[in-house]
1. For the chain, set up a GNM with springs between Cα atoms under 10 Å and report which of 144, 367, 333 has the largest fluctuation.
2. Could you compute the net charge surrounding residue 131? Neighbours are other residues with a C-beta less than 13 Å from the C-beta of residue 131; K and R count +1, D and E count -1.
3. Per residue, how much accessible area does region 331-408 show when a 1.4 Å probe rolls over the protein heavy atoms, in square angstrom?
4. Express in nm, to one decimal, how much length is gained between residue 363 and residue 68 on full extension, taking 0.36 nm for each residue of separation and deducting their alpha carbon distance.
5. Could you state the principal axis extents of the C-alpha atoms in region 1-108, from the largest down, to the nearest angstrom?
6. What's the percent breakdown of Cα-Cα distances in region 110-268 across 5 Å bins, shortest bin first?
7. Would you mind giving the average projected area, over all directions, of the Cα convex hull of region 274-314 in nm² with one decimal?
8. Loop only by DSSP, 12 or fewer other Cβ within 10 Å of the Cβ. Give me the trypsin sites (Lys or Arg not before Pro) in region 170-273 that pass, ordered by residue number.
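The values are calculated or read from the model by the stated rules, or taken from the named source; none is laboratory data. Computed from a prediction, not measured in an experiment: that's the story for all the values here. Here the Cβ positions follow ideal geometry from the backbone for every residue, glycine too, while neighbour counts run over all protein chains shown. Protein only, heavy atoms only, side chains kept; ligands, DNA and RNA dropped before computing areas. Shrake-Rupley method; radii C 1.70, N 1.55, O 1.52, S 1.80 Å.
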Amino acid sequence: MFNIIVKGGTLPDGRVTDIGIKDGRIAAMEPLEAEAGEVIEATGDLVSPPFVDPHFHLDATLSYGTPRINASGTLLEGIGLWGELKLVMTTDEMIARALSYCDWAASMGLLAIRSHVDTCDDTLKGVEAMLEVREQVKDYIDLQLVAFPQDGLYRDRTARENTIRALDMGLDVVGGIPHFERTMADGAASVRDLCEMAAERGLRVDMHCDESDDPMSRHIETLAFEAQRLGLQGRVNASHLTSMHSMDNYYVSKLLPLIAEAQVSAVANPLINIMIQGRQDTFPKRRGMTRVKEMQAHGITVGWGQDCVLDPWYSLGTADMLDVAFMGMHVAQMSAPDEMARCFDMVTQANAAIMGLPDYGLHVGAQGSLVVLDAANPVEALRLRPARLCVISRGRVISRNSRMDAALNLPGRPATINRRHRTS
Ligand code: FE2
């Protein structure tokens, strides 16, 4: 007797199977005739493990336009605007906005999020708010919180002390922003300092790293070196790495093997990268996204992150990781069939590996969490960004949606489609 059986869905690798879920876990993946509390008919539909976002800012989300918009569209004006906003936003407002976003995420099958939390505020009200959110969503969303000294570990007078306090309060991951420190030397020192903090506490590291168009912003080199020196291999992620877009090719040929050796992963954030980077260029304008395919060719795990939704840096966004992957595949020119399929893998399996999620995936013994999509396969899902027909988290159906069928009534001839642009 299963709690739920999902019948006849197509897995991302093309296999067709039933999935039996019992006591919050996947208990069987084979043709099932057993009884179940609920049977979900998924024949012809893609059944995927949940979407995962390894880079987000839940403390700032859904604040777009408060107190004003980012007129220049730059990273620096966004940081300045957030600096004004965080002083006046209350803990309750932050909690309410973050919970609204988590509801959006749940409806889109996005069930694991790594969120950076600003620790440059002596009250640490954002940290307090996000810890409350983590507690409130813990039964259906895996929320990892990164201690993130937004205004610079050394550049901001009390950031280091507050970051340590935030980690003591129970944040999960050590963050940083070396390219925002006052000097390259301070940036490198902050990387060393923060990696040592993580090693001492047994925590993972996820830094905003080289989010800049400056080809000489090379903190990733120090991050990879420190990961190896401190035995943090496989536990360090570098977010953004946009400067790599502009780096000298010879230098990159030396850098990529170093990152691979240190088992440092990378997250590109294509929506925000394509919107923010290259703002000071005339034409031709740089795309400002890191070298995704090139890193993957060196065996480096690369994921797609969302970064921002409706906040001081980004004025759009829907909590849909397929939107993120769709933009990423265009900017990185990942158009071959295996590259497109890999883009789907990046917002599921690769992102889960980056976050170190235990029991993730579709296999017997894994967490009983999955998404049924109105698409036949991963590439079609990327093309359509379709309805999430059913979202199951830990053995419980937490969201349902209907298909978006067009009701065509054409004069003179019958319609050729009955489902929104699906090919099968
Ligand atoms: Fe970020």
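1. Highest fluctuation of the listed residues: 333.
2. Charge balance near residue 131 sits at -2.
3. Per-residue value: 39 Å².
4. Gain on extension, residue 363 to residue 68, equals 101.5 nm.
5. Extents along the principal axes: 59, 29, 18 Å.
6. Taking all Cα pairs of region 110-268, the binned fractions are 2, 10, 19, 22, 20, 14, 8, 4, 1, 0 percent.
7. For the Cα atoms of region 274-314, the hull's average projected area reads 3.9 nm².
8. Answer in residue order: 182.
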